[in-house]
Structures are given as C-alpha cells and as structure tokens.
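The values are calculated or read from the model by the stated rules, or taken from the named source; none is laboratory data. These numbers come from a predicted model, not from an experiment. Here Cβ is always computed from backbone atoms with ideal geometry, including for glycine, and neighbour counts include all displayed protein chains.
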Amino acid sequence: MSSGVSVREAAHLCLHIVREHFGSVVERVVKVLLRYGRLTVPELVRLLNDPPPERHHPGRSRSRGSSSKTEASPNSIPTRLVQQALMVLIQHHCVLHSRPSSGVAAGANQEHFEVDMDEVFSRLRFGSYLDLAQKWGGDDAQAVIRLLLYHGQMRAADLIDALVNETPRGAEDTDDYTKKKRALRTATLSELLARMLQSSLVRPSTAVQHVSPQDRRIALEESLLRSQKGIPTAKSLRELKAKVASILDEEDRRDWEGVEHGEDGLRLGLKRKEAKDGSREKRARRSTHADVSAGRMDVIIDVRILCSDQQPDVWLRVHNDYFHIQMRNDMIATAVGNKYNSTTGDVMRLMLQQDQPGVCRCEKDERSRPISVTTLSHHIPEHVRIQRGLDRRSIMGDERTSRAPTTIELLAEYVSILSAHDNISSSARKTRLLAPFGSSSTTSAGGSARVATSFTVEYRNILEQMQLQLIRDVVVERFGAMAGRIFSILVEKGKLEEKHISKIGLLSMSETRDICSRMFAASILSLQEVPKSNERNPQRTFFLWFVDLYKCKSWLLDQLYRTLIQLSRRRLYEEANKSSLLEKSERTDVREDAESLLTEWERNELQSLRSVQAAITVAEARVVQDIFILQHFST
C-alpha cells in the first residue's frame with residue numbers, strides 16, 4: 001500500500017476482524033504487534049502492561065509515590081495469557097514466528113512474532129469457502145472445511161473422529177448407528193479427505209508456512225552474497241534476487257509435494273496403500289502390457305492417520321489459494337458473460353476449469369497453462385450448446401454449404417473473439433483475454449480466421465480491466481459521467497494537458513479544470529510538472545494530468561475498508577438494540593413454537609431485524625468481492 005492512510009485503515013479492519021473472531025484480549029495483543037512490528041514475548045508483555053507516560057505540566061507538582069514506581073494497571077495481561085493468545089493466533093496462521101539466525105548474539109536469540117494481515121483478511125471469505133466446498137463435494141466436504149476453519153489446523157485422525165462423532169442425539173444407543181456404520185463412515189471420510197488433499201482443497205501445515213517469507217528471502221540473499229567475491233553490481237543483484245525467488249518457489253513446491261520426506265511424488269499427507277497378494281498378481285499380469293496409464297491407476301491413495309517413528313503426524317489446514325482461484329474464476333466468467341453473453345461466459349468457465357490450481361499463490365498467476373482446443377472440446381457437457389453464443393450467419397460461412405461447424409471450429413471461433421484476433425494494434429496485447437500459444441493453427445467456424453490450437457488465459461489482463469472498471473464505476477458515481485470520461489481518456493492516453501483533455505473529451509476548459517481539481521483532491525488524479533526552463537516559473541511550466549493506478553487502488557481500498565468496518569458496526573448496533581428479543585428467539589422452546597410464544601409485535605420486530613441483517617450481509621459480500629478484485633497484482 002502506497003500511503004499511510006491505507007496502512008491505518010487496513011490495521012483498523014484487521015483489529016476489527018480479530019476482535020469479532022477471537023475476543024478483546026487477543027485484539028490487544030494484535031494491536032501492539034501492528035503498532036510496533038515484530039516483537040518477542042517479554043517486549044510484548046512490557047508494551048501491553050506498561051501504562052503510557054504521563055505528560056508533566058510545569059505548574060503541577062508530581063506526587064511522591066509516583067516519582068519512583070508506577071502502580072500496575074488493573075487491565076494488565078499476565079505473560080501466560082499473552083502466550084496463550086499467541087498460540088491461538090499461530091494455530092489459525094494469523095501470526096508468524098521465527099528465530100534470528102545463528103549470527104545474532106546469544107542473549108537476543110529469542111522468538112519473534114508478527115501479524116500476517118493477509119491471513120486475517122482471508123477470514124472475511126470463510127462463507128465463500130464453505131459454499132465452494134459444498135459445491136465441490138457436498139455436505140461432507142463442507143463439514144471438513146468448516147471444522148478446519150474453526151480449529152485452524154487439525155490432524156487427519158482427529159478430524160475424522162470429530163466428524164464421525166457428530167451424530168444426532170440418542171443415535172449411539174440405537175441400531176441406526178452401529179459400529180459397522182461408524183466404520184463405513186470413517187472409510188468414506190478418509191477417502192473424501194484424500195481426494196480433497198489431492199485436489200488441493202486442503203494442504204499440510206508445515207513449519208515453513210509459519211515463517212515470514214521476508215525472513216526467508218533476506219536469509220537466502222545474505223548467504224548468496226557471502227558466497228560471492230567482490231562488490232556486487234546492480235546486474236548481479238538483480239540476478240541474485242531472481243535466483244532467490246526461484247529457490248524459494250522450488251522450496252515451497254518441494255514442501256508441498258513432500259519431496260523432502262521421500263514421498264515418491266505424492267503430496268505430503270498421502271501414502272500408498274499396501275498391496276494385497278491378489279492385487280500383486282493382477283499387477284504382475286498387467287505389467288506384461290506396455291500401458292503406462294494402467295500402471296498409474298494401481299496407485300491407491302489413503303490418508304496418513306497413524307503416527308510413525310520416522311515422521312510426525314501431518315497437520316492439515318484449508319488451502320486458501322484454491323478457493324481464491326475458484327472465486328477468481330467465477331468473477332472472470334461472470335464478467336465475460338456480462339460483456340458478451342451467457343454462453344460465452346459458460347465457455348470461459350470451461351476454459352478456466354482446465355487450468356488446475358498449482359502451488360503458487362493466486363496473485364502470482366499472470367497467465368494459465370497452455371490449453372488445447374481439442375482437449376477442451378471433450379470436456380463440454382451435453383446440455384451446453386455453445387453455438388447459441390455466436391451469430392449463425394458468421395459461423396455457417398457460405399450459404400451453399402449445409403455442413404454445420406464442428407465443436408472444435410466453434411471453440412476456435414470463441415478463441416478468435418476472446419483473443420482479439422482481428423485487432424492488429426499494439427494495445428490489443430494489454431486488453432485481450434486469451435493469447436495464442438504455439439505455432440499450429442486451425443480454422444474457426446465459418447472459415448473466417450486461422451486460430452492457434454492452444455492458448456493461454458491472460459489473468460493479469462482480465463483482472464486489470466476489472467479493476468479499472470471498478471474504479472471507473474466509483475468515479476462516475478461520485479463525480480459524474482464526465483469525470484468517468486476524463487478518467488478513461490487519461491488511462492488510455494497517459495499524461496495530458498487540460499486543453500488536450502478538453503479537446504478529446506469534448507468538454508469546456510472550465511469543466512475540465514473543475515473536474516480534474518476535484519479528482520486530484522480525492523487522490524484519483526496526479527499532476528506532473530514539466531518546466532520549460534531551469535527557473536521553474538509556473539507561467540512557463542507544463543502541468544500534465546495522469547492516473548496513478550496504484551494510488552487509485554489504495555484510495556479505493558481505503559474507502560472499502562471503512563465501509564466494511566461501518567457495516568460490521570451497524571450489525572452490532574442493530575443486534576445490541578434487540579438483544580433481549582434475540583436471546584428469547586434463540587431458546588429451544590421458542591424455536592419449536594414461535595407462533596404461540598412470541599407476540600405479533602415481537603415477530604414483526606424479529607422479521608425486521610432479520611431483513612436488516614440480510615441486507616448488511618449482502619452489502620458485506622459485495623464489498624469483500626471488490627476488495628478481493630483490487631488486491632490482485634496491487635503490490
């Protein structure tokens with residue numbers, strides 16, 4: 001974030017989230033960590049419990065007792081409670097902890113703690129995680145994600161036991177829930193958890209994830225600098241930083257895949273089942289045929305539940321980036337559907353589904369892996385008729401030919417449209433949604449163009465256009481349609497004078513000057529001074545207006561953070577005003593028979609409160625979605 005205002009608003013939102021999820025004591029701990037940065041436990045306790053220094057007035061004498069010692073504050077937090085708060089935050093991945101390197105003095109070799117604000121902000125999207133998990137694997141997958149979100153991280157055995165024990169009251173003593181059904185339930189959940197781990201919905205929690213990436217980067221840079229001889233040049237430093245980034249990415253991949261633990265290509269947390277004699281004979285007979293895919297199908301994956309002497313239990317956590325990728329794909333498909341039509345949005349969704357999530361973070365995916373048109377044609381559902389999204393006259397080509405275009409030709413036509421195949425300008429590379437990959441090509445529907453058989457989805461271009469559209473909508477809402485026109489002109493043309501803006505936008509000079517001044521005061525536009533001489537006389541200076549997109553994103557993020565805090569406070573205010581009614585409605589007898597135990601006035605008030613809560617929830621979801629869009633590629 002570029003400005004101190006952004007950091008301040010982000011810190012306020014972070015504290016608000018922590019207070020709602022963990023309580024006031026944990027909020028005080030996080031507040032000190034956000035204010036002073038990384039701290040040790042003794043430093044944290046001292047800053048929490050020491051009262052702020054009192055200002056000494058010259059005309060007022062100090063009391064005798066306060067001159068030497070300061071009495072302890074009644075709101076002081078003991079050291080053990082601070083440690084417990086840190087353990088809770090570490091359990092939920094909201095705090096990073098690390099020890100200094102061996103080169104530090106022995107007396108200062110203590111563990112340091114710092115807040116991971118990205119993990120705190122991801123708690124705003126827990127509802128979306130649960131909804132996506134339910135769509136992926138039903139109620140059981142949603143229950144797994146819900147339990148992991150509630151506890152932060154759990155072992156596979158504890159997770160399965162907790163889900164198996166979630167039975168209706170009194171069902172343990174009946175025949176409906178026997179030991180056989182418990183064993184069947186355990187096997188079903190084990191298989192589901194293995195599929196979730198293989199599909200990246202959950203991931204193992206390792207020690208590397210609790211260390212600050214900046215610490216890892218600095219330590220690796222120092223070690224590489226010590227190995228070099230002489231004074232490093234600017235070019236060597238750039239190469240060193242690129243090498244450090246690649247090494248860290250490789251370490252993350254090896255940690256994710258379990259290479260260090262000898263898992264033979266399986267992800268950490270999975271193992272191969274021991275083969276029985278019957279399966280060995282089948283595999284021996286099958287090995288006579290040179291079919292590699294058949295051999296791969298013999299691998300059966302199971303969750304590592306038991307603990308061994310060589311390796312500790314694997315703790316599982318929710319893989320946030322998987323859900324972020326799914327949320328991003330839904331937003332992209334919806335945006336494409338709104339721009340073109342619903343069928344084009346469905347085709348774009350199918351394209352995005354072919355790009356499986358990897359190890360890297362969602363924000364680092366600038367483009368997808370190469371996607372083949374032929375492979376995509378085999379994954380189109382039968383009920384989806386992709387020809388409806390295209391003009392019939394353009395896809396049929398010559399009227400004398402009655403042959404209908406094939407699925408591959410229809411997909412090639414969509415690729416031609418989304419990749420701006422007919423736009424030969426240099427600006428098309430920054431606005432196209434797809435990019436060709438490879439030299440082979442095929443004919444689109446109607447024979448109008450030759451399109452590459454493989455392509456990549458340009459995530460960066462799509463999301464930058466979504467960000468620009470989001471900022472422009474806010475500009476139009478706050479400053480009017482003419483301000484949106486000026487904003488679009490400056491984004492497209494770059495730095496311009498007022499007279500050029502007025503000429504291109506068909507506006508008067510007075511309107512242009514007034515709108516630019518108001519947008520400059522709101523930190524949307526920036527001003528570049530170009531003097532004609534060294535005297536820097538204002539009368540002999542060009543004043544160029546331009547749009548600093550990074551600054552605009554920070555400004556809009558400030559507004560969204562404030563809006564989210566105000567919505568949450570409004571929810572708490574509405575619930576506090578009707579707390580007695582809420583407590584009464586939550587009673588078991590009232591839930592069963594609300595018609596007779598609640599008066600008509602109470603039912604109306606409760607219905608009014610529910611409608612207000614629903615409206616606030618919808619507004620919060622929209623703001624969280626806008627924040628998610630702006631946070632991509634913003635650093």
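Just so you know, in the stretch 377-399 the residues that are assigned to a loop (DSSP other than H, G, I, E, B), hydrophobic (A, V, I, L, M, F, W, C) and closer than 10 Å to D346 by Cβ include one that is modelled with the highest pLDDT, and it is I380. Scanning the stretch 443-452 for residues being closer than 15 Å to L418 by Cβ and either β-branched (V, I, T) or modelled with pLDDT of 90 or more (or both) gives a total of 1. Just to verify a result, which residue in the stretch 229-280, among those that are aliphatic (A, V, I, L, M) and surrounded by fewer than 10 Cβ atoms within 10 Å (Cβ to Cβ), is modelled with the lowest pLDDT? Residue satisfying both the conditions and the ranking: I231. Total residues in the stretch 136-190 satisfying the condition of being of a type outside the set (A, V, I, L, M), closer than 30 Å to A621 by Cβ and either surrounded by 11 or more Cβ atoms within 10 Å (Cβ to Cβ) or at pLDDT below 85 (or both): the figure is 11.
Okay, residues lined up against (1) in contact with a Ser or Thr (Cβ under 9 Å, 6 or more places away or on another chain); (2) modelled with pLDDT of 90 or more; (3) surrounded by 15 or more Cβ atoms within 10 Å (Cβ to Cβ):
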{"residue": "M1", "(1), (2), (3)": "yes, no, yes"}
{"residue": "V5", "(1), (2), (3)": "yes, no, yes"}
{"residue": "C14", "(1), (2), (3)": "no, yes, yes"}
{"residue": "E20", "(1), (2), (3)": "yes, yes, no"}
{"residue": "G23", "(1), (2), (3)": "no, yes, no"}
{"residue": "V26", "(1), (2), (3)": "no, yes, yes"}
{"residue": "V30", "(1), (2), (3)": "no, yes, yes"}
{"residue": "L34", "(1), (2), (3)": "no, yes, yes"}
{"residue": "R38", "(1), (2), (3)": "yes, no, yes"}
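Only one of the numbered conditions (1) part of a helix (DSSP H, G or I); (2) closer than 30 Å to S128 by Cβ is not met by S596, and that is (2). Kindly indicate the residue of the stretch 406-427 that is touching a helix residue (DSSP H, G or I) at 6+ places or on another chain (Cβ under 6 Å) and of a type in the set (D, E, K, R) and also nearest to G494 (Cα to Cα) among those meeting that condition. Step by step, filter the stretch 406-427, then rank; the result is E413.
Taking the condition charged (D, E, K, R), loosely packed, with under 10 Cβ neighbours inside 10 Å, modelled with pLDDT under 85 and in contact with a Ser or Thr (Cβ under 9 Å, 6 or more places away or on another chain), does E54 pass? Don't jump to the end; show me each part of the working.
Numbers: charged (D, E, K, R): yes; loosely packed, with under 10 Cβ neighbours inside 10 Å: yes; modelled with pLDDT under 85: yes; in contact with a Ser or Thr (Cβ under 9 Å, 6 or more places away or on another chain): yes.
So E54 fits the description; yes.
Can you name the residue in the stretch 534-551 that is part of a helix (DSSP H, G or I) and in contact with a strand residue (DSSP E or B) (Cβ under 9 Å, 6 or more places away or on another chain) and is also modelled with the highest pLDDT among such residues? Residue satisfying both the conditions and the ranking: K551. For the stretch 456-511, the helices (runs of 4 or more DSSP H) that sit wholly inside it and include 3 or more residues that are touching a residue at least 40 places away in the same chain (Cβ under 8 Å) are 459-479, 481-493.
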